[in-house]
Amino acid sequence: MPPRGITPRRPARPGGQDKVTRAVASEKRVGAPAKPSNNSRAQARTAGGEGKAAGKHPKHTRTYDPVAHERVAEILKRLDQLYPDVTCALTHGTAWELLVATILSAQSTDVNVNRVTPELFRKYPTVKAFAALTPEELQPDVRSTGFFRNKAKSVVGAAKKIVADFGGQVPMNMKDLLALPGVARKTANVVLGTWFKIADGVVVDTHVHRVSRRLELTRNNLPQKIEQDLMRIIPREKWILFSHQIIWHGRRRCYARKPGCGDCLLENICHASDKTWSTVETHKDAKA
Ligand code: SF4
């Protein structure tokens, strides 16, 4: 017993006065390894990058990597099962017709374009026939595909340049294709891949954009950056087929609104936050 009048000092709790220690302790509680979830692993990785923000728990950050070789290979395998031999859905018989159809398909559907092109190519059967037109003369023929003034200008401009600079032949390299009016990487990749069988890049249209983001194959939003990401993780020999497969998957199953997750072969390896049905945890950043 202490002498009367003297109150003994309570022993301090270890770290009780120490803000730093307390912070670490609370960090430990928050990230306690008792119940790790895929979701928290993905979020940790997203928030801070591998091994940085979650440096105290390197095991967690390493566990889930959406672009790990095995995961990408599994996605490719399942796409092969679903769409073994798909190709471009635009009706065409020559490289020029494919180029025109692809230009017309911007902001339109392939079905819509395929309604217009057979008659268009009957009316103007060669590149020279298109090159002889003014954009205004072409406009009525492509009106139903939308944005018809710009599209008519691009098609006639491309025809004139192909006749003037490339001897009437659609060039078979990226640089020359990109020099044509109305042709950006998406159109050039469609023509190079589908017609010439040259894998110079990956087609990134609205379907590839959406599905790649849902499958966490990219976190980018700009088509060119998405293409770079996909070129890094997809083997080159698969670039052409992969583009077509993802486009078909976007049309057939992975719709922009209400994707058909219940019938999707990729369901148990897809963590998209806007899935309509899921047997696995979803990741908030995996969205279209
Ligand atoms: S599970 Fe759903 S969101 Fe994921 S790829 Fe399939 S359809 Fe798209």
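The values are calculated or read from the model by the stated rules, or taken from the named source; none is laboratory data. All of these numbers come straight from a predicted model, not from anything done at the bench. Using ideal geometry, Cβ is built from the backbone for each residue, glycine included, and neighbour counts are taken over all protein chains shown.
Output the residues belonging to the stretch 71-106 that are within 17 Å of Lys151 (Cα to Cα) and among the hydrophobic types (A, V, I, L, M, F, W, C). I'd like the intermediate steps shown before the answer.
Initially, the stretch 71-106 is screened for residues within 17 Å of Lys151 (Cα to Cα), giving 90, 96-106.
Answer for the stretch 71-106, where residues must be within 17 Å of Lys151 (Cα to Cα) and among the hydrophobic types (A, V, I, L, M, F, W, C): Leu90, Trp96, Leu98, Leu99, Val100, Ala101, Ile103, Leu104, Ala106.
Among the candidates Pro84, Pro118, Pro140, Pro125, single out the residue that is over 28 Å from the mean Cα position of the chain (by Cα), surrounded by fewer than 16 Cβ atoms within 10 Å (Cβ to Cβ) and part of a loop (DSSP other than H, G, I, E, B). After ruling out the rest, the residue left standing is Pro125.
If you go through the stretch 174-184 and keep only what is part of a helix (DSSP H, G or I) and crowded, with 19+ Cβ neighbours inside 10 Å, you end up with just Leu177.
Screening Gln107 with (1) surrounded by 14 or more Cβ atoms within 10 Å (Cβ to Cβ); (2) in contact (Cβ under 8 Å) with a residue 40 or more places away in the chain; (3) not in a helix (DSSP H, G or I) gives one miss only, at (1). Restricting attention to the stretch 273-288 and to residues that are under 13 Å from Thr218 (Cβ atoms) and among the small types (Gly, Ala, Ser), the residue that is surrounded by the fewest Cβ atoms within 10 Å (Cβ to Cβ) turns out to be Ala288.
Taking the stated definitions as given, is Val155 away from the ligand (no atom under 16 Å from the Cβ), assigned by TED's automatic domain parsing to the domain that holds Thr134, out of contact with any Phe, Trp or Tyr (no Cβ under 8 Å at 6 or more places or on another chain) and farther than 21 Å from Ile247 by Cβ?
Numbers: away from the ligand (no atom under 16 Å from the Cβ): yes; assigned by TED's automatic domain parsing to the domain that holds Thr134: yes; out of contact with any Phe, Trp or Tyr (no Cβ under 8 Å at 6 or more places or on another chain): no; farther than 21 Å from Ile247 by Cβ: yes.
Judged against the criteria, Val155 is not a match.
For Ala152, are the conditions met, namely being closer than 17 Å to Leu98 by Cβ and either at pLDDT 95 or above or among the hydroxyl-bearing types (Ser, Thr, Tyr) (or both)?
Details: closer than 17 Å to Leu98 by Cβ: no; either at pLDDT 95 or above or among the hydroxyl-bearing types (Ser, Thr, Tyr) (or both): yes.
Against the criterion (closer than 17 Å to Leu98 by Cβ and either at pLDDT 95 or above or among the hydroxyl-bearing types (Ser, Thr, Tyr) (or both)), Ala152 does not qualify.
Selection of the stretch 148-173 for residues being under 23 Å from Asp110 (Cα atoms) and assigned to a helix (DSSP H, G or I) yields Phe148, Arg149, Asn150, Lys151, Ala152, Lys153, Ser154, Val155, Val156, Gly157, Ala158, Ala159.
Of all residues being touching a residue at least 40 places away in the same chain (Cβ under 8 Å) and of a type in the set (Gly, Ala, Ser) in the stretch 194-253, which is nearest to Lys287 (Cα to Cα)? Just the residue, please. Among those that are touching a residue at least 40 places away in the same chain (Cβ under 8 Å) and of a type in the set (Gly, Ala, Ser), it is Gly250.
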